[in-house]
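Notes to accompany the following structure.
The values are calculated or read from the model by the stated rules, or taken from the named source; none is laboratory data. These figures come from a predicted structure and were not determined experimentally. Neighbour counts are summed over all protein chains in view; Cβ atoms, including those assigned to glycine, are modelled from backbone coordinates with ideal geometry. The area values use the complete protein model at the heavy-atom level, side chains included, leaving out ligands, DNA and RNA. Shrake-Rupley method; radii C 1.70, N 1.55, O 1.52, S 1.80 Å.
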Amino acid sequence: TVKDRLDLSEQDFLHKAFQSSSRLNELIENLLAVSKIEQGKMVIKTTNANLISTIEKVVNDYTQYAKSKNLTLTYNKSLSELPSVTMDPLRVEEVLTNLIGNAIHYTKSGGIEISTSINGQFVETRFYSLRSFAERKKFKR
């Protein structure tokens, strides 16, 4: 394959170029979505869907990006089974993509942890920045 013929620095450059083009594509899609919202053309299609599988998909999509920045990206599922939720899976995926992408981009060290749990009749999703001990110590000064 072509990848086998590239040395490590060329593979790294190619990987970073691919990540940059993917983020640029996401930015363009987000701008188009904002334009649709402003024009009142945004269509929300709600359905009962599995939030866990949506989160897992986005986490899987971003795991390599996190690793490339020496960060961890962890999803801790609820210990209890989560019910289906009424949502627009595409829009929720867009929001998760933006949140996770930004969290990775702005986290210098450590990682990002996502968790879901049931709180009464609601499903909660939480995002945590797991900064390294050295960064927490520096941040407190």
Qualifying trypsin sites (Lys or Arg not before Pro) for segment 38-120 [loop in DSSP, other Cβ within 10 Å: at most 16]: Lys41, Lys45, Lys69, Lys77, Lys108
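For the chain, what does -39500 (n - 2.57) per DSSP helix run (n ≥ 4), summed and divided by total residues, give at 222 nm, in deg cm²/dmol to the nearest 500? Before the final figure, lay out the partial values.
Numbers: 4 runs with 75 residues, N = 141.
The helix-only estimate for the chain comes to -18000 deg cm²/dmol at 222 nm.
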In units of 2.2 N^0.38 Å, what is the alpha-carbon radius of gyration of the chain? 1.24
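Rounded to a whole number, what % of the accessible area of the chain do carbon and sulfur atoms account for, probe 1.4 Å?
Numbers: 5780 of 10260 Å².
Of all accessible area on the chain, carbon and sulfur atoms account for 56 percent.
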Report the gain in length on full extension from Thr74 to Ala49: 0.36 nm times residue separation, minus Cα-Cα distance, nm rounded to one decimal. 6.8 nm
Probe 1.4 Å, all protein chains in place: accessible area of Phe13 in Å², nearest 10? 150
Could you report segment 74-126's accessible area per residue, 1.4 Å probe, as an integer in Å²? 59
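At 18 Å minimum axial length over the Cα atoms and a Kyte-Doolittle cut of -0.5, report the qualifying DSSP H helices in the chain, or say none. Please report the intermediate quantities before stating the final value.
Numbers: long enough: 8-38 (45 Å, -0.19); 51-68 (26 Å, -0.24); 89-106 (25 Å, 0.27).
Result, helices passing both filters: 8-38, 51-68, 89-106.
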